[in-house]
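Here's the structure, in structure tokens; my notes come after.
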Amino acid sequence: MALPSSQQILAVLSHIQDPDLGRDVVSLGMIKELEVSHEGKVSFTFELTTPACPVRDRFKSQAQDLVGEIPGVTGVDVRMTANVRPAFMRPKPSEILPGVKQTIAVASGKGGVGKSTVAVNLAAALRKSGAEVGLLDADIYGPSIPAMTGSRQVPEQVNGRLRPIEAHGLKLMSFGHIYPGDQPTIYRGPMVGKAIEAMMIQVDWGQLDYLVIDLPPGTGDASLTLAQAVPLTGVAIVCTPQDVATDIAVKALQMFRKLNVTPLGLIENMSWYICPSCGHRHEIFSHGGAESAAKRLGVPFLGAVPLEEGIREDADNGTPVVISRPDSAGAKAFVHIASQVAARTSIQSFRQLPVINVH
Amino acid sequence: MEITWEDGNRITYSAEQLRWACPCAECRGEMGAPGRLSRVKTLIPEELSIKDVTLVGQYALQIAFESGHATGIYTFPYLRALRS
């Protein structure tokens, strides 16, 4: 029997559509190192745009089935890998965060909805999927990343640049690391901007697939500085379900839209609570507010996180819940959200900014 | 300066046009106070030649002129609406 040709194999693989990018996986360049042995064994590398790809397993079995059906194929070996692509074709090599491929901001507008909890667990979930991840705490007044990650050491200085703190496989930097203790940071707006810029420029972030940025509440200085200093891949907006929270989240989202930063979607935190003694599901802050707001605004709904004692406990103890209790409902929700965020950022790597030429 | 937009559309701008369109508070005026561009009739050549253009986040361009004036942040929608 004749051996199958590479063209034949690519032709069947081109039937696999990437649901997020809306194109087939062959034209997206995801199929690499295709080889056919003399015995009819086919092997190739399937390179995803993120290790946290939500359809990873489906892609693998689809590829195996489709290639396996070609006459003459005796075996299929699919190697799944991932290579996160940089967010934009930048006009010139960036001086700010040169080794960072994707920057994801976590914002809310309103305070106390769990931005930092979401940011820490999002970063940890992306790390668990195999990506290189950094987490920048842009909350100058109320830094909570050091406590939530159990990292309270002061960063070392090497050649005039700060080394990020390493914890749980993540690279971290927070004002709480630089100025530990209970002394407040008393800064006016412009100083906040400078501090955030310094954490991007003077910290040696190295090579990262994702840099998650935990923003303070509000639609002012910190968010503006960030949106002006780096081309953000996108912003994930966290809110709690009640109207008073979703209304402010919508304002934050609209601000980022004005700054041409893509909203990756809305996340609903404290979505429900399972009472440990009676087993009843309570919706303390209502339920579904973020999902309906997302629908109204035409942005994706990324997922809902329950109110769980474990999430709070582990945050206070310094370990993100996706690491300490991976089987809990909260951890599963965060992992789901991380894969949704990763999928949305992959779309951004195919987006183009205007090209500017000066003569 | 020439911009090729995401949809393939191309617009060419002259430095002079961009200088006179500078959206900064000094040039445009603020809080009822008229800006410099409404007071002056002519600008010297250094003010009309571009020294550098930098991307501001992903929503705007900051254009620096030879004279040192660089406070204008030209958003993409603003530039798109600006026609020669």
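Values quoted throughout were computed directly from the atomic coordinates according to the rules given, and no laboratory measurement underlies them. Everything numeric in this text was worked out from a predicted model, so none of it was measured. Cβ: placed from backbone, ideal geometry, glycine included. Neighbour counts: every protein chain shown.
Write out the GluC sites (Glu not before Pro) in the range A:34-117 meeting two conditions: DSSP loop, and at most 10 other Cβ atoms within 10 Å of their Cβ. Kindly include the intermediate steps, with their values, before the conclusion.
Details: sites: A:35, A:39, A:47, A:69, A:95; in loops: A:39, A:69, A:95.
Sparse-neighbourhood loop GluC sites (Glu not before Pro): A:39, A:69, A:95.
Arrange A:57, A:247 by Cβ neighbour counts within 10 Å, fewest through most, would you? Intermediate results must be reported in sequence, preceding the final value.
Details: A:57 10, A:247 14.
Listed from fewest to most nearby Cβ atoms, that is A:57, A:247.
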In order through the range B:10-19: 3J(HN,Hα) via Karplus (6.51 cos²θ - 1.76 cosθ + 1.60), integer Hz, x for Gly, Pro: 10, 10, 9, 10, 8, 4, 5, 4, 5, 5
Average partner chain C-beta neighbours within 10 Å, per residue of B:57-67? 4
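Any idea what the relative contact order of the range B:2-81 is, in percent, if you count C-alpha pairs under 8 Å spaced at least 6 apart?
Details: 98 pairs, mean separation 17.0, N = 80.
Taking the mean separation of contacting Cα pairs over the length of the range B:2-81, I get 21 percent.
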Spin-label pair residue A:258/residue B:14, simplified geometry with 7 Å Cα→Cβ offset, distance in nm: 3.4
Largest first and to the nearest Å, give the Cα extent of the range A:100-348 along each principal axis. 56, 39, 35
Provide, as a two-decimal number, the C-alpha radius of gyration of the protein assembly as shown over 2.2 N^0.38 Å, N being how many residues it has. 1.11
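Report the extension gain between residue A:185 and residue A:2 in nm, rounded to one decimal, defined as 0.36 nm multiplied by the number of residues separating them, less their alpha carbon distance.
On the way: separation 183, 0.36 × 183 = 65.88 nm, distance 7.28 nm.
Extra length from residue A:185 to residue A:2 when fully extended: 58.6 nm.
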For A:286, A:339, which order do you get if you count the other beta carbons within 10 Å of each Cβ and list the fewest first? A:286, A:339
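What percent do you get for the relative contact order of the range A:1-82 when only Cα pairs under 8 Å and 6+ apart count?
Values: 121 pairs, mean separation 27.7, N = 82.
In percent, rounded to a whole number, it is 34.
Please compute the average number of Cβ atoms from other chains found within 10 Å of each residue's Cβ in peptide A:345-358.
4
Per DSSP helix of 4 or more residues, -39500 (n - 2.57); summed, then divided by the residues of chain A. What does that give at 222 nm, rounded to the nearest 500? Write out the running numbers ahead of the final one.
On the way: 12 runs with 124 residues, N = 359.
Calculated at 222 nm, the ellipticity per residue is -10500 deg cm²/dmol.
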Partnerless cysteines, meaning none of the other Cys C-beta atoms lie under 4.7 Å away, in chain B: B:24
Average partner coverage of A:255-261, which counts Cβ from other chains inside 10 Å: 3
Determine, for each peptide in A:7-16, A:116-125, B:33-42, the mean count of other beta carbons within 10 angstrom over its residues, then list the peptides with the highest first. A:116-125, A:7-16, B:33-42
Using r as the Cβ-Cβ distance of residue A:64 and residue A:194, and R0 as 51 Å, what FRET efficiency do you calculate, to the nearest 0.05? 0.45
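Defining a contact as two alpha carbons under 8 Å apart and six or more residues distant in sequence, what relative contact order in percent does chain A show?
Numbers: 739 pairs, mean separation 70.4, N = 359.
Computed value for chain A: 20 percent relative contact order.
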As an exercise, take the mean of 1/r over every pair of distinct alpha carbons in the range A:104-178, invert it, and state the Kirkwood radius in angstroms. 12.8
Least to most buried among A:140, A:274 (fewest other Cβ within 10 Å first): A:274, A:140
Please list log₁₀ I(q)/I(0) at q = 0.12 Å⁻¹ for the range A:6-82, using the Debye equation with identical point scatterers on the alpha-carbon positions. -0.29
